[in-house]
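Novice: Take a look at this one; I'll ask things after.
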Amino acid sequence: MAGDNGFRHLLSITDLEAEDIIKLLDSARSFAEVSTRPVKKVPALRGRTIVNLFLEPSTRTRMSFELAAKRLSADVMNFSTSESSLSKGESLKDTGKTIVAMGVDAVVIRSMHAGAPQMLTEWVECSVINAGDGMHEHPTQALLDLFTMRERLGRLEGLKVAIVGDIDHSRVARSNIHALNKVGAEVLLVAPRSLLPARVEEMGVSVTGSLDEALTWCDVLYLLRIQMERVNESRFPSLREYTLQYGLTQTRWSRLDRKPLVMHPGPMNRGVEIASLVADEVESVITGQVAAGVATRMAVLYDVLGGSRG
Amino acid sequence: MEFKARVRVLDAEDIARIVKRISHEILERNKGAGGITLVGIRTRGVFLARRLARTIEGIEGCEVEVGELDISFYRDDYATRGGSASIGVTQIDFDINDKQVVIVDDVLYTGRTIRAAMDALMDFGRPRVIQLAVLVDRGHRELPIRADYVGKNLPTAGDERVKVSLEEVDGVDRVEIGEEE
Amino acid sequence: MADSYLIKGGRILTFPGGLAGEADVKVKDGVITEIGSGLSAGKYETIDAAGCIVSPGFIEMHAHLREPGMEYKEDVSSGSRAAVCGGYSAVFCMPNTNPAIDNSSVAEYVFDRGEDEALCMILPHGAITEGRLGKTLAPMGEMGTCRAGVKGFSDDGSWVMDSELMRRAMEYARTMGATIISHSEDTTLSADGQMNEGYWSTYLGLRGIPPESETIAVFRDITLAEKTGARLHLAHLSTAGSVGLVREAKKRGLAVTCEAAPHHFSLDDSSLVGYDTNMKMNPPLRSKEDVAAILEAIADGTIDVIATDHAPHAPHEKETEFARAEFGAVGLETCLGLVLTRLVGEGVLPLEDAISKLTVAPARIMDMERWGYQPCIEEGRPANIVVFNPELEWTVDAASFKSRAMNTPYDGWHLKGKVEHKLFRGKLVVRDGRLESGPRGRPPKAVNNGGASKSRKKSSESKVRG
C-alpha cells in the first residue's frame with residue numbers, strides 16, 4: 001500500500017495481503033458501531049482534508065466516501081466532472097497539481113480510465129484512494145462486499161462465491177476475485193464466453209456458462225449489473241435472452257431449497273439480472289451493503305491516513 | 001521487544017483486596033450504587049470494571065451496568081502511531097445521560113488515555129459526574145488529570161515499564177515493574 | 001584538408017564479405033579513397049576507430065518524422081539528428097502526416113526539407129490511398145517519378161480494409177515497380193484496444209488487441225500478393241501467427257518481406273503493469289510466446305529487416321491516462337544498442353547478420369542503389385559510414401535524446417553497443433558519440449548530394465531516378 005511518493009495509497013486489492021484485508025474488516029466493525037451512536041462522529045481525522053475527485057459520475061460511492069470522511073471529522077471537498085476546469089479538458093496531471101497546491105491529505109479518485117489512480121500518485125504529494133478506475137478495480141467495493149459476507153455468514157475461508165454477469169467490463173468483479181482468493185474463498189464466474197475477459201481462469205477462478213449449476217453450489221450469489229451497451233457490442237443477443245439464461249428469476253429462486261446470500265453492487269436492474277419480487281426479498285442484504293460501505297471506507301481512510309508521519 | 005521484570009509490586013491477593021477496597025470507596029463516595037455505571041477502557045480496564053461491578057453487586061445487591069470503551073479514534077497521537085493498530089469495539093448499550101460514570105483503567109500514566117476516554121464518553125451523552133478508578137498510578141502526568149480511586153501509587157522512572165497481568169487475559173493476576181529490551 | 005578523414009584501427013564490416021580484421025579507411029570528397037593497413041594520416045584528420053566496427057550506415061525503413069503538420073512532435077531536422085546518432089544514413093518516413101504524403105508535391109516537400117536540413121537522406125514513403133482514407137488510389141506513378149522517387153507505399157497507421165481496393169493497389173504498384181508496405185490490422189477486432197489481449201489486459205482492466213487482428217490481416221495481404229504478383233513488405237510484425245505465415249509464404253517463393261521492431265523482440269505485455277504509457281504502441285507489446293516467435297523468426301531469416309517504427313509524441317500526449325495516451329515509441333537512438341545487446345549479445349544471431357538486417361535487406365527492398373547507397377565499404381564508393389563500438393556500455397537517458405521526443409520504453413536501460421562516429425556523404429556528422437558542430441559551433445549544414453540539387457533545378461524534366 002505504500003506508494004513511491006512516500007505516502008500510503010489504496011490503488012488495488014492486489015496491493016493488500018490477506019492479513020491487511022482482515023484487519024480492515026475488523027476495523028470496519030468498530031466503525032460500524034460509530035454509525036449507531038447518537039453522535040456519529042469520532043475525531044480521528046480532525047483537521048485533515050480529503051478531496052473526492054470523481055471524473056466519472058457516481059452518486060452512491062461519492063456519498064459513501066463523503067460520509068465516511070465526515071464521520072471521521074475530516075473536511076471534504078468535492079470535484080466532479082460537471083465542475084468547470086475538468087470539463088474544459090484540464091489534464092489529470094494539472095488537476096492533481098492544483099488540488100495538491102491547496103494542501104490536501106488524500107484524494108479519492110474515480111475515473112473511467114484504468115490506471116488513473118496509479119498515474120495520479122506520480123503527480124500528487126498525498127495519499128490516493130481508488131474509488132473505481134475503468135474496468136480495472138474498485139477496492140473498497142470488494143472490501144465492503146467481504147465485510148457483508150463475513151457479517152452475514154460468519155466466515156470467508158472456504159466460502160463459495162458465484163459472480164454472475166458481465167465480468168469482462170466489471171472492476172467490481174476483478175477486485176472481488178483478488179480479495180476472495182486472498183482470504184481463501186472459492187470463486188466461480190457465471191457468464192457466456194462473450195462476457196468473460198481473456199484467460200480469466202488464470203486469475204484463479206472457475207468458469208461456467210450455467211447459472212443453474214452455480215446455484216446448487218454457491219453460498220453467495222453475487223449479481224453484476226448488465227448494460228444495454230453490451231447488446232450493441234454483440235456480447236449477447238438481447239436483455240430478454242440474458243434474463244432467460246442468467247437472470248435470477250422467480251422460478252429459479254423458488255426452486256432452491258437452500259437459498260444463497262444474494263448480493264449486488266447496485267443499482268439493480270429489476271427484471272434483468274434479478275426479478276423484482278426476488279429483489280424485494282433480498283433487499284435487506286443489498287441495503288446492508290450500503291451501510292457496510294460507509295464503515296469500510298471509514299476503515300480505509302483511517303488506515304491510509306494514519307501514516308507514519310513524525 | 002521483550003519485557004524483563006525487575007520487581008513484582010502486586011500479586012493476586014493484593015489485587016483482590018484492592019478491588020474490594022475500591023468498590024467500597026465508590027459506594028461511599030457516591031452514597032450507594034444508584035445511578036452508578038462503570039466504563040472500562042479496553043482491554044484490561046474492562047475486566048477490572050467487571051470485577052468491581054460484581055463486587056459492588058455483592059455488597060449492595062443491585063446490578064451495575066458495565067460498558068467497554070475503545071479510545072483508538074480519540075487518541076491525540078494518531079498521526080505518529082498510525083491507523084492500523086488493532087482497534088476494538090466500543091459497547092455502551094445504556095444511557096449515560098445524568099449518570100455517575102466511573103472510568104476504569106489499569107494504569108494511569110500521562111493522562112492522555114483518560115482525556116481521550118472523556119471525549120469519547122461525551123459523544124455518548126452527558127454524564128452528571130465522571131470519576132476515575134485505576135489499579136496503578138505511576139505518575140508522570142502530562143495533563144491535569146487525577147484519579148479518584150487508586151489501587152497503588154507506584155513512583156516510576158520514565159524508561160521503566162509497568163506491566164499489568166490479569167487472569168482473564170494473561171492467565172495470572174500481578175503487577176510488575178521492569179524494562180523493555 | 002577539409003572533409004578528409006582517416007578512420008584508423010577499426011574492423012571493417014562490408015557486404016558481401018562480412019566482418020574482417022583491422023584496417024584503415026581513407027575518405028575524401030565524399031568517397032572512400034583507400035582501404036589498407038597502417039595508412040598514414042598526412043593532412044587527413046584521424047578518427048580513432050580502435051575497438052570499433054566500421055560499417056555501412058544503416059537504413060531505417062519505417063519512421064514517423066511528423067512533418068508536415070505535427071512538427072511539435074518531431075520534424076525532418078530533429079529526426080535526422082536522432083537518426084545519425086543511431087547510425088543511420090537514410091530514413092524512410094511514413095506518409096501519415098498532415099497533409100498526408102499522397103501526391104508528388106508533399107513528397108517533394110519532405111524530400112527537399114531533408115536535402116536542406118537533414119544530416120542523412122530523408123526519403124518519404126507515399127500513401128496507398130488518397131488521404132490514407134482507404135477509398136481511392138493515390139497517384140503512385142507520379143510519386144514514383146518525382147524528385148522524391150517514392151517506391152514504397154503504405155497507409156501505415158491504418159490497414160487497407162477493402163480487399164478489392166488492396167488487390168487493385170497491388171496490381172498497380174506491381175506495374176509501377178513499387179512495393180506495398182502493409183500495416184496489417186483488422187480494426188474490427190482491435191477496436192478500442194489499448195494493449196495486447198491476454199492475461200495482462202484482463203488483470204489491468206484494459207481493452208485488448210487480439211493477436212488475430214494482425215494475423216488475419218497478414219494472411220489476407222499475403223494471399224493478395226500471391227495473386228497479384230506484387231512486392232509486399234509487411235510492417236512491424238509482432239505475432240507468432242504472422243511470422244509463421246511469412247515463413248510459409250517464403251517457402252512458396254513469394255516476394256514477401258517483413259520487418260520487426262526492437263520493442264517486439266525485447267519487451268512483452270507484462271511490462272504494462274504499472275500503466276507506463278511509454279509501453280503503449282501499436283502493434284502492442286505481445287505475449288512471451290509471441291516474443292519468442294519473433295526472435296526465432298529473426299534468427300532463421302524469416303524477418304528481413306529491423307525497423308524501429310520511430311513514433312515521437314509530445315510529453316502531454318503521453319502524460320495522461322493510459323487509454324487517452326497516444327500509441328508509439330521513439331526508437332532511432334536505441335535500435336543499435338538493442339540489436340547488439342538482445343540479439344547479438346544473447347546469441348540470437350551473429351553480428352554480421354544483425355547488421356545486415358539494418359543495411360543489406362532494407363537497401364535491397366527499397367532499391368537504394370538509385371540513391372547512391374550500397375551496403376559496403378569499398379574503394380570508390382560513397383562514404384556513408386558508421387563507426388560503432390559493440391562493447392561500449394551505456395545507459396539510456398531519454399532526456400539526452402536528440403529527437404524532439406522522449407517517449408521511450410527503455411529509459412534507464414543498460415545497453416551494450418553505441419555509435420561513435422558517423423560520416424554521411426564523406427562529411428563527419430557524429431564524432432565521439434556526439435553531433436558534430438558546424439562552423440562557429442552551429443549544427444552542421446545538410447550534406448547536399450550534388451545530383452539531387454541539380455535535379456531540383458531540372459524539375460521540369462520528368463524522370464529523376466529509379
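Novice: Given the criteria in contact with a Lys or Arg (Cβ under 7 Å, 6 or more places away or on another chain), at negative phi and assigned to a helix (DSSP H, G or I), does C:VAL84 qualify?
Specialist: Yes.
Novice: Condition check: part of a helix (DSSP H, G or I) and in the same structural domain as C:PRO211 (by TED's automatic domain parsing). Does C:ILE355 satisfy that?
Specialist: So C:ILE355 fits the description; yes.
Novice: Let me ask something else about it. Would you call A:VAL107 out of contact with any Phe, Trp or Tyr (no Cβ under 6 Å at 6 or more places or on another chain) and either more than 14 Å from chain C (Cβ to nearest Cβ) or crowded, with 20+ Cβ neighbours inside 10 Å (or both)?
Specialist: yes
Novice: So which residues in segment A:256-310 are hydroxyl-bearing (Ser, Thr, Tyr) and crowded, with 17+ Cβ neighbours inside 10 Å, if there are any at all?
Specialist: A:THR296, A:TYR302
Novice: Considering only residues that are of a type in the set (Gly, Ala, Ser), surrounded by 15 or more Cβ atoms within 10 Å (Cβ to Cβ) and out of contact with any Leu (no Cβ under 6 Å at 6 or more places or on another chain), look in segment A:180-204 and name the one that is nearest to the other protein chains (Cβ to nearest Cβ).
Specialist: A:ALA198
Novice: Can you tell me how many residues within segment A:152-210 are under 20 Å from A:ILE286 (Cβ atoms), touching an Asp or Glu at 6+ places or on another chain (Cβ under 8 Å) and assigned to a loop (DSSP other than H, G, I, E, B)?
Specialist: Matching residues across segment A:152-210 total 3.
Novice: Under 8 Å by Cβ, and 6 or more places apart or on different chains, what pairs join a residue from segment C:199-214 that is within 7 Å of chain A (Cβ to nearest Cβ) with one that is of a type in the set (S, T, N, Q)?
Specialist: C:SER201/C:GLN194; C:LEU206/C:GLN194; C:GLY208/C:GLN194; C:GLY208/C:ASN196; C:GLY208/C:SER201; C:GLY208/C:THR202
Listed here are the residues, each with its yes/no results for (1) aromatic (Phe, Trp, Tyr); (2) surrounded by fewer than 21 Cβ atoms within 10 Å (Cβ to Cβ); (3) closer than 25 Å to C:PRO56 by Cβ.
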site	(1), (2), (3)
C:TYR88	yes, no, yes
C:ASN96	no, no, no
C:VAL106	no, no, no
C:GLU117	no, yes, yes
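Novice: Looking at this structure, is C:GLY42 assigned to a loop (DSSP other than H, G, I, E, B), surrounded by fewer than 18 Cβ atoms within 10 Å (Cβ to Cβ) and either assigned by TED's automatic domain parsing to the domain that holds C:ALA307 or free of Cβ contacts under 8 Å to residues at least 60 places away in the same chain (or both)?
Specialist: In short, yes.
Novice: Counting only residues that are farther than 20 Å from A:VAL183 by Cβ and surrounded by fewer than 18 Cβ atoms within 10 Å (Cβ to Cβ), how many does segment A:205-221 have?
Specialist: Adding up the residues that qualify gives 7.
Novice: Out of everything in segment A:30-48 that is closer than 14 Å to A:LYS70 by Cβ and in a helix (DSSP H, G or I), what residue ends up being nearest to the other protein chains (Cβ to nearest Cβ)?
Specialist: A:ALA44
Novice: Hey, another quick one. From the set of residues in segment B:42-68 that are assigned to a strand (DSSP E or B) and touching a helix residue (DSSP H, G or I) at 6+ places or on another chain (Cβ under 6 Å), which is nearest to the other protein chains (Cβ to nearest Cβ)?
Specialist: B:GLU68
Novice: Looking at segment C:384-402, is at least one residue away from every other protein chain (no Cβ under 14 Å), over 24 Å from C:GLU259 (Cα atoms), part of a helix (DSSP H, G or I) and hydrophobic (A, V, I, L, M, F, W, C)?
Specialist: There is at least one residue in segment C:384-402 that is away from every other protein chain (no Cβ under 14 Å), over 24 Å from C:GLU259 (Cα atoms), part of a helix (DSSP H, G or I) and hydrophobic (A, V, I, L, M, F, W, C).
Novice: If you check A:LEU215, A:LEU244, which single one turns out to be over 24 Å from the mean Cα position of the chain (by Cα) and either more than 17 Å from A:VAL164 (Cβ to Cβ) or assigned to a helix (DSSP H, G or I) (or both)?
Specialist: Only one candidate passes the filter, namely A:LEU244.
Novice: Just to verify a result, which residue in segment A:123-159, among those that are surrounded by fewer than 19 Cβ atoms within 10 Å (Cβ to Cβ) and within 19 Å of the chain's Cα centre (by Cα), is farthest from the other protein chains (Cβ to nearest Cβ)?
Specialist: A:ARG152
Novice: Right, here's the next one. As an exercise: evaluate C:LEU285 against (1) crowded, with 16+ Cβ neighbours inside 10 Å; (2) in a helix (DSSP H, G or I); (3) over 18 Å from the mean Cα position of the chain (by Cα) and give the number of the one condition it does not meet.
Specialist: (2)
The values are calculated or read from the model by the stated rules, or taken from the named source; none is laboratory data. Quick caveat, the model's predicted, so the values are computed rather than measured. Cβ coordinates were reconstructed from backbone atoms using ideal geometry, including for glycine residues, and neighbour counts include every protein chain displayed.
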